[in-house]
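Reading through the structure tokens given below for one structure.
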Amino acid sequence: MARVGQVKAPAGERLSDRIAIGVLTRAFPPGLVDEVIAETGRGEKRSRLLPARVVVYFVLAMCLFFGQGYEEVARLLGEGLGDGRRSWRVPTTAAIGRARRRLGVEPLKVLFARVCRPVAVPETTGAWYRRWRVVAVDGTCLDLADTDANTGFFGRHVSGRGASAFPQARMVGLAECGTHAMFGAAVGPLSVSEQSLSRQLFPLLREGMLLLADRGFYGFELWQAARASGADLLWRVRKSAALPVLRVLDDGSYLSTVHAEPDRKSRRNPVTVRVVEYTLAPTGDQSVYRLVTTILDPETAPAAELAALYAQRWEIETTLDEIKTHQRGPKLVLRSKYPWGVEQEIYGLLLVHHAIRQLMHQAALNEGLDPDRLSFTRSLRVVRRQVPAQAALSPRHTRQGADPHPG
């Protein structure tokens, strides 16, 4: 049996009554968590040591203190519980594992959809290009626990040198470039392409957004799907893309057309796009970069400005690195042994990242700074220090008339 740790709690209280979550309860209020649990049908039918609400916060804390064991995370959450009159036995690893399985992934996914939105306001420095909110889409792969279940569902990357050491999950994210706030995510096995997963995110786009994407995403059908959202697009395309010059514009860009692949059964009408071509001459790189955009008027968005703006696409690369390298830790794999747990863990990581980025945005706004000027690593350390110092969650303090222990 796993070792059982102890924390102190006032007489008559359970860990679920006074669990120290600090920053996480401010980003994800208990009342909202209760609503999500009820909506997804994960409420308890009997009183438990680990009710669903506490398990949600435990998953978030597990993703905040990535690499720590279950019982150590529970100990961190239980610190500062009170006056030492009575000890509390921290739930065992097995008990926490069973509680995670009961919870499943849906509450985390719904919580992400409810809370994780773009956070920039008009006063946010670096988040806007003229009238557009700049966002980007990109994908990554996450190493998983080496189990038959994970391998069977997610698969392994295979190359000429053989299969990868670990099974991997593919994730595509949609982020606000200026704040690094991830507001869309889709997770799937390696057999599902980034392009396919990205389609799930396009309903989150809005008019007034400008979506940046790398050349790996471009395809006529995908372009049309993103364009239908009402957002404007600025995507890089491959050198081999056929882009006939229809009319050269005053800023050196030109109008062209794109259309469906010739082997499509039903040919769609060509779509007019504007093409911006440029080189990075000062760096010695003579490669020609080609961008296509839905913004056809060069006075609204000059070619030189769009070429410079495209560099903002790297902000989503940095966002993914914050999650994979700094928050998760370099060369660490997700702990979950089963696909449901993997997805639950990924959404936990994304929720914690968004909570930290919200705090950073507010701090930058208060100081009149660009959020990029603030260190994610330092902010992460501050949040980790705050959690054990604050006892902020009590199921007894719920909305008036609500049952603190549903079911």
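The values are calculated or read from the model by the stated rules, or taken from the named source; none is laboratory data. Please read all numbers here as calculations on a predicted model, not as lab measurements. Cβ: placed from backbone, ideal geometry, glycine included. Neighbour counts: every protein chain shown. Calculation scope for accessible area: heavy atoms of the full protein, side chains included, ligands and nucleic acids excluded. Shrake-Rupley method; radii C 1.70, N 1.55, O 1.52, S 1.80 Å.
Taking the stretch 136-175, which residues are in contact (Cβ under 8 Å) with a residue 40 or more places away in the chain, open to solvent by 20 Å² or more (accessible area, probe 1.4 Å) and not in a strand (DSSP E or B)?
Selection gives 146, 147, 149, 153, 166.
With the stretch 205-274 as the region, which strands (runs of 3 or more DSSP E) entirely inside it contain at least 1 residues that are open to solvent by less than 30 Å² (accessible area, probe 1.4 Å) and closer than 22 Å to residue 316 by Cβ?
The strands (runs of 3 or more DSSP E) meeting that bar are 209-213, 232-236.
When you scan the stretch 141-166, how many residues do you find that are under 21 Å from the mean Cα position of the chain (by Cα) and within 25 Å of residue 214 (Cβ to Cβ)?
Looking only at that region, the number is 5.
Kindly indicate the residue of the stretch 181-192 that is within 18 Å of residue 338 (Cα to Cα) and open to solvent by 20 Å² or more (accessible area, probe 1.4 Å) and also nearest to the chain's Cα centre (by Cα) among those meeting that condition. Write out each step before concluding.
Step one: of the stretch 181-192, the residues within 18 Å of residue 338 (Cα to Cα) are 186-191.
Of the ones still in play, those that are also open to solvent by 20 Å² or more (accessible area, probe 1.4 Å) are 187, 189-191.
On the way: 187: 10, 189: 17, 190: 18, 191: 21 Å.
Ranking the candidates gives 187 first.
Going by the structure shown, is residue 178 under 20 Å from the mean Cα position of the chain (by Cα) and touching a residue at least 24 places away in the same chain (Cβ under 8 Å)? Break it down stepwise before answering.
On the way: under 20 Å from the mean Cα position of the chain (by Cα): yes; touching a residue at least 24 places away in the same chain (Cβ under 8 Å): yes.
Considered against the rule, which asks whether it is under 20 Å from the mean Cα position of the chain (by Cα) and touching a residue at least 24 places away in the same chain (Cβ under 8 Å), residue 178 comes out as yes.
Return a yes/no flag: does the stretch 181-200 have any residue that is acidic (Asp, Glu), touching a residue at least 12 places away in the same chain (Cβ under 8 Å) and more than 30 Å from residue 152 (Cβ to Cβ). Write out each step before concluding.
Kept after step one, since they are acidic (Asp, Glu), are these residues of the stretch 181-200: 194.
Those still in the list that are touching a residue at least 12 places away in the same chain (Cβ under 8 Å) too: 194.
Imposing the further condition that a residue be more than 30 Å from residue 152 (Cβ to Cβ) reduces the set to none.
No; the residues of the stretch 181-200 include none that is acidic (Asp, Glu), touching a residue at least 12 places away in the same chain (Cβ under 8 Å) and more than 30 Å from residue 152 (Cβ to Cβ).
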